[in-house]
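The values are calculated or read from the model by the stated rules, or taken from the named source; none is laboratory data. Values in this document were obtained by computation on a predicted structure and should not be read as measured data. Reconstructed Cβ throughout: ideal geometry from the backbone, glycine too, with neighbour counts over all protein chains shown. For accessibility, only protein heavy atoms count, side chains too; no ligands or nucleic acids. Shrake-Rupley method; radii C 1.70, N 1.55, O 1.52, S 1.80 Å.
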Amino acid sequence: MAQSPIHPGRVAWTGENPGIYLKEQPDGPWTGLATFFRITWSPYGGGVGVLVLDEPNTEDGLPGVRNFCLSDNERLARYLVAEFFSKFASFRVSPGIKAISYLPITDAKRAGDSLSAYSEIIKSKDFEVVMSWRSLGAPYAVDMPPEQGPTQRHEMYSLFLDSTDASVTINGRPLKGKVAQRDFAGTKKPTAFLAFSESWMEAS
């Protein structure tokens, strides 16, 4: 009997989730982390936002340390951080994920295109975050089984475009570091990427 094309598991969320993860030294700690999300469906509705760790290795809320999540749906943002983003390899090892502030956005827009250069611009009362991806590679599809994924509970389907030249700014100030290399599904990939048409499914 042929397998049904309809996935038997529950949909966790679907949308976009591009990221930029930066290091000053290839074998050093993360020095700047940002992941953007534009969710079209989840148990908490849709929404848009960005999680930024200006100081990934600092858990304390020290002056000048900007570890925060900006969004237009705080319940969704907290769900994504608790159940997904905090389990991603780069965020999981960064103490700053334990001390983030949740702030409402005032505006979110995109610029450029996915063929050459692309940006997401997110604003709140006090912050403007600009994530920019340049030198984009060819698209490729990913079908990640649960045992290889960060949550160990979800299958993940997505379209990726790698970026070897990317940056994140907070009010015009760039996060420290540059694009490095990461282990991804048995290969080496840049730590900056666009992730479109992304869906996370409970494993059947």
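Compute the helix-to-body angle for 74-83: its Cα long axis versus the longest principal axis of the chain, expressed 0 to 90° and rounded to tens. In the chain, helix 74-83 runs at an angle near 70 degrees to the longest axis. What pairs from Lys125/Lys189; Lys123/Lys176; Lys87/Lys178; Lys98/Lys188; Lys109/Lys189 go past 25 Å between their alpha carbons? Checking Cα-Cα distances, Lys125/Lys189; Lys98/Lys188; Lys109/Lys189 exceed 25 Å.
For Asn171 and Ala141, the FRET efficiency from 1/(1 + (r/R0)^6), where r spans their Cβ atoms and R0 equals 35 Å, is about 0.45.
Quick one: putting +1 on the C-beta of Lys and Arg, -1 on the C-beta of Asp and Glu, what dipole do you get for the chain around its Cα centre, in Debye to the nearest 20?
On the way: 21 positive and 23 negative charges, 29 e Å.
Around 140 debye, computed over the chain.
Only one of (i) 20.9; (ii) 17.2; (iii) 17.6 was calculated from the structure for Kirkwood radius over Cα pairs in Å, and its label is (ii). Of the residues Val179, Val11, the one with the largest accessible area comes first in the ranking Val11, Val179, computed with a 1.4 Å probe on protein heavy atoms.
Taking amide H as placed 1.01 Å from N in the peptide plane, Ala12 has its amide H under 5 Å from the amide H of Trp200, Met201, Glu202, each at least 5 places away in sequence or on another chain.
With a 1.4 Å probe and every protein chain kept in, tell me what percent of the accessible surface of the chain is carbon plus sulfur.
Details: 5130 of 9840 Å².
Ligands and nucleic acids excluded, carbon and sulfur give 52 percent.
When ligands, DNA and RNA are left out and all protein chains stay put, how many square angstrom of accessible area per residue does the stretch 65-173 have with a 1.4 Å probe?
Roughly 48 Å² per residue, with all protein chains present.
Could you tell me whether the stretch 153-204 comes out rounded, prolate or oblate from its Cα gyration tensor? Rule is a ≥ b ≥ c as square roots of the eigenvalues, rounded for a/c under 1.5, then prolate if a/b exceeds b/c, otherwise oblate. Don't skip to the end; give the middle numbers.
Details: a/c = 2.67, a/b = 1.81, b/c = 1.47.
Prolate.
Rolling a 1.4 Å probe over the protein heavy atoms leaves Thr40 with an accessible area of roughly 100 Å².
Backbone phi angles across the stretch 30-38, fed through the Karplus curve with coefficients 6.51, -1.76 and 1.60 (θ = phi - 60°), yield HN-Hα couplings of 5, 10, x, 9, 8, 9, 9, 9, 10 Hz in residue order; Gly and Pro are listed as x. If you plug the beta carbon distance of Phe196 and Ala82 into 1/(1 + (r/R0)^6) with R0 = 25 Å, you get a FRET efficiency near 0.60. With θ taken as phi - 60° and the Karplus curve 6.51 cos²θ - 1.76 cosθ + 1.60 applied, the whole-hertz 3J(HN,Hα) list for the stretch 150-163 is x, 8, 6, 10, 10, 8, 10, 10, 7, 10, 10, 10, 7, 10 Hz, x standing for glycine and proline. Distance between the modelled labels on Val93 and Gln148, one decimal in nanometres: 2.0 nm (7 Å Cα→Cβ projection).
Note that the stretch 179-185 has calculated 3J(HN,Hα) couplings of 4, 10, 10, 9, 7, 8, 6 Hz, one per residue in order, obtained from phi through the Karplus relation 6.51 cos²θ - 1.76 cosθ + 1.60 (θ = phi - 60°); glycine and proline are x. Annotation for Gln25 and Tyr157: the two label points, set 7 Å from Cα along the Cα-Cβ direction, are 4.3 nm apart. Based on the Cβ-Cβ distance of Val11 and Ile121, what FRET efficiency does E = 1/(1 + (r/R0)^6) give at R0 = 22 Å, to the nearest 0.05? Between Val11 and Ile121 the formula returns 0.20.
Treating only the Cβ atoms of Lys and Arg (+1) and Asp and Glu (-1) as charged, compute the dipole magnitude of the stretch 112-152 about its Cα centre; round to the nearest 20 debye.
Values: 3 positive and 6 negative charges, 34 e Å.
Computed about the Cα centre, the dipole is about 160 debye.
Taken along the Cα-to-beta-carbon direction at a fixed 7 Å, the label points for Glu74 and Glu128 span 2.5 nm. Applying 0.36 nm per residue to the separation of Asp183 and Thr40 and subtracting their alpha-carbon distance, the gain on full extension is 48.7 nm. Comparing Gly149, Gly28, Gly137 in a Gaussian network model of the chain, where Cα atoms under 10 Å apart are tied by springs, the biggest mean-square fluctuation is seen for Gly28. As a length-normalised measure over Cα pairs under 8 Å and 6 or more apart, the relative contact order of the stretch 48-148 settles at 23 percent.
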